[in-house]
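Asker: Following this message is one structure expressed as structure tokens.
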């Protein structure tokens, strides 16, 4: 298990009101899943940004799965949008659990713009400037 960082509970209330922890982890199994799906190079390049995506998201979408968010941040220097699928721990879950990264997706700008056209975010960062 790898500690990734913390989320702002006030921001993530847009997904569910009853989150019980602000801590985020990445299990070894999920890390291997990300590497298998996206490649070691992707993981090595973006791993250091996971905490930033979660603590300073540009957009949050509510996933179809309960208590799950798609957390998005644009990184213009990499010309990538990094999306983290995050399972939130809520009241009724084991209180020893932490919010957990399920997977990570890298999207080019064209694909991310399509995501914005086809889905309504439940959170948008204030003063978000698309030309950053």
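Readers should treat all values here as calculations from the given coordinates under stated rules, not as data from a laboratory. Computed from a prediction, not measured in an experiment: that's the story for all the values here. FYI the Cβ positions are ideal-geometry reconstructions off the backbone, even for glycines, and counts take in every protein chain you see.
Asker: Within region 7-23, identify whether any single residue is without any contact (Cβ under 8 Å) to a residue 24 or more places away in the chain and either in a helix (DSSP H, G or I) or touching a helix residue (DSSP H, G or I) at 6+ places or on another chain (Cβ under 9 Å) (or both), and answer yes or no. Reasoning before the result, please.
Answerer: Pass one, region 7-23, residues without any contact (Cβ under 8 Å) to a residue 24 or more places away in the chain: 9-10, 13, 17.
Filter once more, so that each one left must be either in a helix (DSSP H, G or I) or touching a helix residue (DSSP H, G or I) at 6+ places or on another chain (Cβ under 9 Å) (or both): 9-10.
Yes.
Asker: Are there any pairs, at least 6 apart or on different chains, whose C-beta atoms fall under 7 Å, with the first in region 43-58 and in contact (Cβ under 8 Å) with a residue 12 or more places away in the chain and the second assigned to a helix (DSSP H, G or I) and buried (at least 20 other Cβ atoms within 10 Å of the Cβ), and if so, which?
Answerer: Here the result reads 43/34, each pair linking region 43-58 to a residue that is assigned to a helix (DSSP H, G or I) and buried (at least 20 other Cβ atoms within 10 Å of the Cβ).
Asker: Which of the residues spanning region 62-90 are touching a strand residue (DSSP E or B) at 6+ places or on another chain (Cβ under 6 Å) and not in a strand (DSSP E or B)?
Answerer: Those that are touching a strand residue (DSSP E or B) at 6+ places or on another chain (Cβ under 6 Å) and not in a strand (DSSP E or B): 63, 67, 88, 89.
Asker: For the structure I just gave you, tell me whether residue 27 is in contact with a strand residue (DSSP E or B) (Cβ under 7 Å, 6 or more places away or on another chain) and more than 18 Å from residue 9 (Cα to Cα).
Answerer: Details: in contact with a strand residue (DSSP E or B) (Cβ under 7 Å, 6 or more places away or on another chain): yes; more than 18 Å from residue 9 (Cα to Cα): yes.
Criteria met by residue 27.
Asker: Applying the selection to region 91-114, what residues are within 20 Å of residue 26 (Cβ to Cβ), surrounded by 15 or more Cβ atoms within 10 Å (Cβ to Cβ) and touching a strand residue (DSSP E or B) at 6+ places or on another chain (Cβ under 6 Å)?
Answerer: 98, 99, 100, 101, 102, 104, 105, 106, 107
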